[in-house]
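Enquirer: Let me give you the structure first, and then I'll get to my questions.
The values are calculated or read from the model by the stated rules, or taken from the named source; none is laboratory data. Bear in mind the structure is a predicted one, so any value in this text is a computation, not a measurement. Cβ coordinates were reconstructed from backbone atoms using ideal geometry, including for glycine residues, and neighbour counts include every protein chain displayed.
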C-alpha cells in the first residue's frame, strides 16, 4: 500500500501537506505525538525544498508518498530542484550564547532529531529523494 | 494563524494561535517587529492556542529575543502547549526563554 500527493512548490501547500500526513498517520495508526514529529520533519523538509532546491516558490513539483514496513512508517519526498548535499549544511550549535544562536541549519537538525532515519539520495532522472523513517510500535 | 497584540503598562501581550509554518512565519515576524518598532522590549508571547511551530517561527522568536535583551527587556512565553514545549526542549531553545504557566503570571512578571 502506498499513498502519494504531488503539490506545487509553494509555502501555502504546507498546510495541505500536513493534512496529508495527518491522514496517513491516522491510517497507519500513529499516536498523536509520533504523528506530530513526522508532520514537523516533513514540513521542515518541504520548506527546505521550496527555499533551497527550487530557490523560492515556483510551480515545480514536490511529490510525497508514504508506506509502512512492519513497525516503520516511511515517508519519501521527491523534488527535481538543485541537488542537495546535506554534508554542506553545518550542524547548528545551540549550546552557545543567545547572540550566537545560528539562524540556518535548524530545519535539517530538527528532521534528524525527530526521525529515526533520514537519507538523502540524488539521481539524474529521479531528482532529490529524501527518505525518512519513524519507528512506531503499534 | 491568528495573531493579536495587547498593550499593557509594563509589557506587550502577543497571542498567536494556529499554525506557524513557512507560509505564516513572515506575518508572525512582522507582528513582533511592529512591537519592537514601538520600542517595547518586554513581550509576553501567549502560545495557548498554538498548534504548530516550524523552524521559521522559532527563528523569529530567537531574533526577537536578541533585540529585546539588547534593550534590557525580554520575550517570555506563556501557556506553552506540551508538543510545542517538546520542540523547544529538543532544539535546546527552551534555555533562551522563561516560560510561565499562564498569561496572568507572565504579564505579572514584568
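Enquirer: Counting only residues that are farther than 26 Å from residue A:40 by Cβ and not in a helix (DSSP H, G or I), which one in segment B:33-49 is farthest from the other protein chains (Cβ to nearest Cβ)? Explain how you work it out, then say what you get.
Expert: We begin by selecting, within segment B:33-49, every residue farther than 26 Å from residue A:40 by Cβ; these are B:34-42.
Going one step further and asking which of them are not in a helix (DSSP H, G or I), we end up with B:38-42.
Details: B:38: 22, B:39: 20, B:40: 19, B:41: 14, B:42: 16 Å.
By that ranking, first place goes to B:38.
Enquirer: Against the conditions (1) part of a helix (DSSP H, G or I); (2) closer than 24 Å to residue A:56 by Cβ; (3) at the interface with chain A (Cβ under 10 Å from one of its Cβ atoms), where does residue B:23 fall short? Just the number, please.
Expert: Tallying (1) part of a helix (DSSP H, G or I); (2) closer than 24 Å to residue A:56 by Cβ; (3) at the interface with chain A (Cβ under 10 Å from one of its Cβ atoms), residue B:23 fails exactly one: (1).
Enquirer: Sticking with this structure for a sec: Tally up the residues in segment A:59-72 that are farther than 24 Å from residue A:22 by Cβ and either modelled with pLDDT under 95 or surrounded by 15 or more Cβ atoms within 10 Å (Cβ to Cβ) (or both), please.
Expert: Going residue by residue through segment A:59-72, those that are farther than 24 Å from residue A:22 by Cβ are A:59-60.
Filter once more, so that each one left must be either modelled with pLDDT under 95 or surrounded by 15 or more Cβ atoms within 10 Å (Cβ to Cβ) (or both): A:60.
Adding up the residues that qualify gives 1.
Enquirer: If you scan segment B:77-99, which residues turn out to be within 14 Å of residue B:42 (Cα to Cα) and away from chain A (no Cβ under 14 Å)? Steps first, answer last, please.
Expert: Start the filter on segment B:77-99 by keeping residues that are within 14 Å of residue B:42 (Cα to Cα), which leaves B:77-78, B:97-99.
Selection gives B:77, B:78, B:99.
Enquirer: Tell me whether segment B:76-88 contains one or more residues that are free of Cβ contacts under 8 Å to residues at least 24 places away in the same chain, within 18 Å of residue A:107 (Cα to Cα) and assigned to a loop (DSSP other than H, G, I, E, B).
Expert: No, the conditions are met nowhere in segment B:76-88.
Enquirer: Is it the case that segment B:50-68 has a residue that's more than 10 Å from chain A (Cβ to nearest Cβ), surrounded by fewer than 15 Cβ atoms within 10 Å (Cβ to Cβ) and at pLDDT 95 or above?
Expert: no
Enquirer: Report the residue count in segment B:69-93 for those that are surrounded by fewer than 18 Cβ atoms within 10 Å (Cβ to Cβ) and closer than 21 Å to residue B:11 by Cα.
Expert: Number of matching residues: 4.
Enquirer: Residues in segment A:49-59: is at least one at the interface with another protein chain (Cβ under 10 Å from one of its Cβ atoms) and under 14 Å from the mean Cα position of the chain (by Cα)? Don't jump to the end; show me each part of the working.
Expert: Applying the first criterion (at the interface with another protein chain (Cβ under 10 Å from one of its Cβ atoms)) to segment A:49-59 yields A:50-51, A:57.
Filter once more, so that each one left must be under 14 Å from the mean Cα position of the chain (by Cα): A:50-51.
Scanning segment A:49-59, I find at least one residue that is at the interface with another protein chain (Cβ under 10 Å from one of its Cβ atoms) and under 14 Å from the mean Cα position of the chain (by Cα), so the answer is yes.
Enquirer: Determine, yes or no, whether residue B:103 is surrounded by 16 or more Cβ atoms within 10 Å (Cβ to Cβ) and farther than 25 Å from residue A:92 by Cα. Full working, then the answer.
Expert: On the way: surrounded by 16 or more Cβ atoms within 10 Å (Cβ to Cβ): yes; farther than 25 Å from residue A:92 by Cα: yes.
Against the criterion (surrounded by 16 or more Cβ atoms within 10 Å (Cβ to Cβ) and farther than 25 Å from residue A:92 by Cα), residue B:103 qualifies.
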